[in-house]
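Notes to accompany the following structure.
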Amino acid sequence: MTSFLQQAFNGLVSGSFYALLALGLAVIFGMLRVVNFAHGALYMLGAFGAVALADTTGLGFWWALLLVPLALALTGTLLERLLIRRLTALDPLYNFLLTFGIALVCQDLLRMKYGAHSQPYERGPFTGSMDLGLFDFPRYQVFVLAVSVTLCLAVWLLLTHTRIGTIVRAATERPELTRAFGIDTGRWVTPVFGFGVGLAALAGVLAAPMRAVNTGMGSDLIITVFAVVVIGGLGSVFGSVLAGFTIGMLQALGNLYVPVLSQTSVYLLMAVVLLVRPAGLFGKEEPA
Amino acid sequence: MRQPRAILVTQGLSKEFQGFRAVSAVDLSVAEGTVHALVGPNGAGKTTLFNLLTGFLKPTAGRITFDGHDITGQPPERIAGLGVARSFQVTSLFEQMTAREHVELALQSGTGLGRRFWRTDTLMRRFSGRALELLGDVGLAHLADRPAGHLPYGQKRALELALALALDPALLLLDEPTAGMGLEDIDRTVALVDQIREGRTVVMVEHNMSVVGSLADTVTVLQRGEVLVEGPYDRVKTDPRVVEAYLGADVA
């Protein structure tokens with residue numbers, strides 16, 4: 001029983017990262033119709049940002065958690081303005097190649113500086129563990145889970161209860177009708193892209209104290225995240241978050257009971273979902 | 001009699017899609033305060049013309065003037081801001097939003113809210129009363145809190161009319177307002193359009209000739225992207241060219 005709960009908890013912690021990344025991908029896809037293949041690289045840049053900030057200025061975790069996502073979100077808005085925007089009118093394949101290329105360039109630039117080895121980052125807060133009766137919870141992991149759940153909830157509230165959220169939801173679903181209302185959807189594209197990138201960077205900073213910080217960390221994670229997004233429904237914020245946490249749990253529990261399947265279970269689930277509901281669990285069929 | 005002012009004018013308006021001329025040198029003049037119908041067989045370029053007028057397509061050649069402003073090639077949100085509202089041929093609503101939320105969104109887009117994007121629901125609630133009024137006008141008051149995706153077809157179209165009205169436009173463009181409707185819904189829509197034309201100009205694409213007959217002051221018949229005939233309904237109806245091109249199938 002204890003090992004079950006322990007693994008379920010670990011699963012929720014992995015799910016926290018999946019959810020944050022999938023959430024960013026979902027809002028970006030919804031607003032821009034672009035699948036951002038650089039998302040994993042931006043997560044990696046977030047983790048390296050924390051390492052570099054500590055190495056060069058000595059600033060610790062909390063500063064990194066604030067500054068790195070902001071800096072990368074800003075970089076993201078430039079990326080959208082200068083490159084992605086130029087390709088949106090063309091076949092989606094062009095932005096696929098562009099963002100994929102950006103990911104490779106980021107990875108190799110960092111490899112030139114840091115090599116392929118993992119970088120230590122020992123500035124994480126909340127070291128040690130806490131006893132909640134069932135087993136010892138590592139305190140930092142509890143913090144990560146709390147941050148992720150809070151952020152996902154905050155984004156959901158933002159989307160459902162504010163005017164900007166209504167506009168983003170409207171522009172996601174029916175861009176032409178929203179524009180016929182006299183709302184300039186174009187001016188929300190850049191901020192939304194920057195926001196999604198900021199979430200990926202924040203996930204990267206959160207990962208730095210507990211995961212190996214190396215140039216491959218983004219590409220390892222993002223493959224699962226794409227499966228998460230497909231299962232949840234491309235563009236569905238709610239579906240992405242729910243699928244993120246569910247798949248984190250599924251993988252962790254799979255590790256415990258059916259180790260053989262732990263790596264493939266995600267893709268099996270994805271295949272089943274695609275067969276039954278091609279648009280994903282919470283996705284909508286594209287209107288004709 | 002005083003000649004009414006032309007509120008919408010196109011000159012030599014053309015749209016070419018890779019060698020195919022969907023709209024070809026159309027000169028249109030819509031008099032203020034009238035209902036102007038665009039008719040013509042499928043593929044005559046009616047919807048393309050609508051998309052040009054509302055900025056969803058950019059013309060290959062020609063000019064569009066609305067109320068003295070040159071709106072040629074302007075983006076849709078700009079044209080909507082000048083007082084042009086449109087409905088869509090295919091129902092295009094937000095599946096999850098309720099009827100009331102739709103109207104609230106349309107209402108607040110026209111107000112001076114400007115950049116206050118962080119305001120919460122309470123702000124939208126301010127429009128609730130007016131939204132319910134508009135829904136009442138189109139006979140949807142009792143369905144205000146139903147998600148649009150769950151409304152039957154005829155009521156979706158009615159909701160679209162309420163949306164167009166929420167923008168309180170000087171010029172209302174209706175793309176086939178009665179398409180796919182049963183007789184009862186058609187009668188209700190005709191009565192509704194007759195009611196909302198008060199104080200505005202309406203341009204509508206419509207296939208149903210009895211609807212055109214009971215609403216339109218002026219009819220423009222399009223064929224293969226060109227204006228074939230223009231005039232009052234009774235004259236257009238009996239024009240031999242129109243009978244051949246458009247009504248031919250029905251008469252024969």
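Some notes on this structure:
- Close amide H partners of A:S129, meaning residues 5 or more places away or on another chain with modelled amide H under 5 Å apart, are A:R139.
- Solution diffusion estimate, µm²/s, Stokes-Einstein, the stretch A:2-276, Kirkwood Rh from C-alpha pairs, 10 °C, viscosity 1.306 mPa s: 83
- R0 of 51 Å, Cβ-Cβ distance A:I164-B:Q195: FRET efficiency to nearest 0.05: 0.90
- Sum of side-chain charges, B:G182 neighbourhood, beta-carbon under 13 Å (Lys, Arg +1; Asp, Glu -1): -1
- All other residues whose Cβ lies under 11 angstrom from that of B:A44 are scored, Lys and Arg at +1 and Asp and Glu at -1, for a net of +1.
- Theoretical ellipticity at 222 nm over chain A - DSSP helices of four or more residues, -39500 (n - 2.57) apiece, nearest 500: -24000 deg cm²/dmol
- For B:V203, the amide hydrogen comes within under 5 Å of the amide hydrogens of B:H36, B:L172, B:L173, B:L174, counting only partners 5 or more places away or on other chains and with H modelled in the peptide plane.
- With a simple spin-label model that places each label point 7 Å from the Cα along the Cα-to-Cβ direction, the separation between A:L268 and A:M112 comes to 4.4 nm.
- Inter-chain neighbour count for B:72-80: the average number of beta-carbon atoms from partner chains within 10 Å of each residue's beta-carbon is 4.
- Cα-derived Rg to Rh of the protein assembly as shown, Kirkwood definition: 1.07
- Phi angles of the stretch A:76-93 translate, via the Karplus equation with coefficients 6.51, -1.76, 1.60 and θ = phi - 60°, into HN-Hα couplings of x, 5, 5, 4, 5, 5, 8, 10, 4, 3, 5, 9, 5, 6, 8, 4, x, 4 Hz per residue; Gly and Pro are given as x.
- FRET efficiency for B:E16 and B:D145, using Cβ-Cβ distance with R0 set to 60 Å, rounded to 0.05: 0.85
- By the helix-only formula, in which each DSSP H run with n ≥ 4 contributes -39500 (n - 2.57) and the sum is divided by residues, chain B has a 222 nm mean residue ellipticity of -9500 deg cm²/dmol.
- Build a GNM of chain B with springs between Cα atoms under 10 Å apart, and of B:T189, B:T60, B:T72 the one that fluctuates most is B:T60.
- Net +/- balance of residues flanking B:S214 in space, Cβ distance below 10 Å, scoring K and R +1, D and E -1: -2
- Whole-Hz couplings from phi, Karplus 6.51/-1.76/1.60, listed for the stretch B:12-21; x for Gly and Pro: x, 5, 9, 9, 10, 10, 6, x, 9, 8
- Between B:R5 and B:R126, residue separation times 0.36 nm minus the direct Cα-Cα distance comes to 39.9 nm.
- Among B:E206, B:E198, B:E101, residue whose mean-square fluctuation peaks in a GNM of chain B (springs only between Cα atoms under 10 Å): B:E198
- Across the stretch A:220-235, computed HN-Hα scalar couplings (Karplus, 6.51 cos²θ - 1.76 cosθ + 1.60, θ = phi - 60°) run 5, 6, 5, 4, 5, 4, 5, 4, 4, 5, 5, 5, x, x, 4, x Hz from first to last residue, x flagging Gly and Pro.
- Relative contact order of chain B: 26 percent, from C-alpha pairs under 8 Å at least 6 residues apart in sequence.
- Amide H contacts of A:V213 (H built 1.01 Å from N, under 5 Å, at least 5 apart or other chain): A:Q119
- Within a Gaussian network of chain A (alpha carbon springs, distance under 10 Å), most fluctuating of A:R33, A:R139, A:R174: A:R174
- Shielding by partners for peptide B:101-108, expressed as the average number of C-beta atoms from other protein chains within 10 Å of each residue's C-beta, is 4.
- Sites A:N255 and A:L153 - FRET efficiency at Förster radius 35 Å, r taken between beta-carbons, to 0.05: 0.80
The numbers here are math on the coordinates, done by the rules we state, and not lab data. All values derive from a computational prediction rather than experimental measurement. Neighbour counts are summed over all protein chains in view; Cβ atoms, including those assigned to glycine, are modelled from backbone coordinates with ideal geometry.
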